[in-house]
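The values are calculated or read from the model by the stated rules, or taken from the named source; none is laboratory data. All values derive from a computational prediction rather than experimental measurement. In this analysis, Cβ positions are derived from the backbone assuming ideal geometry, glycine residues included, and neighbour counts consider all displayed protein chains.
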Amino acid sequence: MLDQRIAEEMAERLAVINRSFADTALVAAHPDTSREILVQSGKCFNISVLSPSPDDILNCADESLDCLVSLLDLQTINDVPGHLAQAARALRPDGLALFAFFAGETLRELREAWLTAEAELTGGATPRVAPMIDLRESGALLQRAGLALPVADMDRVTLRYDNALALMAEIKAAGFSNPLIGRTSRITPRRLVQRVAQVYQERFADPDGRIRVTLEVAWAMAWKPHASQQQPLKPGSAKMRLADALRVKDGE
């Protein structure tokens, strides 16, 4: 269900771009639906599918791509600025980079349930849910990597599951289990997992007993710099005073 939604959102964003891309790379753990939509769009050709790399290496030659689409991978990267710089190098001038990644308050309910349960049973807490990239940081990260004209927005999704155990099982099956180096290496006691599920149920269940899960998917898009792109005016080059443009008198 989530893969389908992400693929549809990707299609909507590509639909407003009035150009095509000769060489495209799709980075996704579950690429089938997204690849099919890229083909159907008629804008992306010679599509290469790349599995997310466990060592943050993009595995694309410099200036080999006209479009790079990365779906639900960036939040697992250790060195985000470095990874984005790799993406920038892989693009040809005026190439497009489009990233979708978990951000903001994704899994906030699960994080709260773990913190509460561990505090009750162990008197402390260990990292269980990785911190998410803040949407406000994404534009600056893209520019720092050498990309231009960054645009970012957030898609908030609320999913429902039978219980927290079903949610955690799907997270594990999707390959999004705890990636933090600082996570505990000890086997998690059954009673702790059961208490997490209880806390989740008590705080975040709907009247029908199913639990709510918050996902915030950030979409960030930018371009490899090119002379044809819009450029900011140089300071002092304006031909009209701001006061005149606003039709106000000096001192008002």
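If I filter the stretch 80-103 for residues that are in contact (Cβ under 8 Å) with a residue 12 or more places away in the chain and assigned to a loop (DSSP other than H, G, I, E, B), do I get at least one hit?
No, the stretch 80-103 has no match at all.
Against the conditions (1) at pLDDT 85 or above; (2) among the β-branched types (Val, Ile, Thr); (3) closer than 14 Å to Val196 by Cβ, where does Val151 fall short? Just the number, please.
(3)
Would you tally the residues in the stretch 16-53 being surrounded by 14 or more Cβ atoms within 10 Å (Cβ to Cβ) and of a type in the set (D, E, K, R)?
3
If Ser48 satisfies all but one of (1) of a type in the set (S, T, N, Q); (2) more than 22 Å from Gly139 (Cα to Cα); (3) not in a strand (DSSP E or B), what's the number of the condition it fails?
For Ser48, the exception is condition (3).
Can you tell me how many residues within the stretch 144-174 are in a helix (DSSP H, G or I), among the basic types (Lys, Arg) and within 18 Å of the chain's Cα centre (by Cα)?
1
Would you check if there is a residue in the stretch 11-19 being part of a helix (DSSP H, G or I) and in contact (Cβ under 8 Å) with a residue 40 or more places away in the chain?
Yes: one or more hits.
Within the stretch 33-73, track down each residue that is closer than 20 Å to Gly146 by Cβ, among the charged types (D, E, K, R) and in contact with a Cys (Cβ under 9 Å, 6 or more places away or on another chain).
Passing the criteria: only Asp66.
In the set Asp66, Asp3, Asp62, Asp55, which member is assigned to a strand (DSSP E or B) and not hydroxyl-bearing (Ser, Thr, Tyr)?
Within the list Asp66, Asp3, Asp62, Asp55, the selection yields Asp66.
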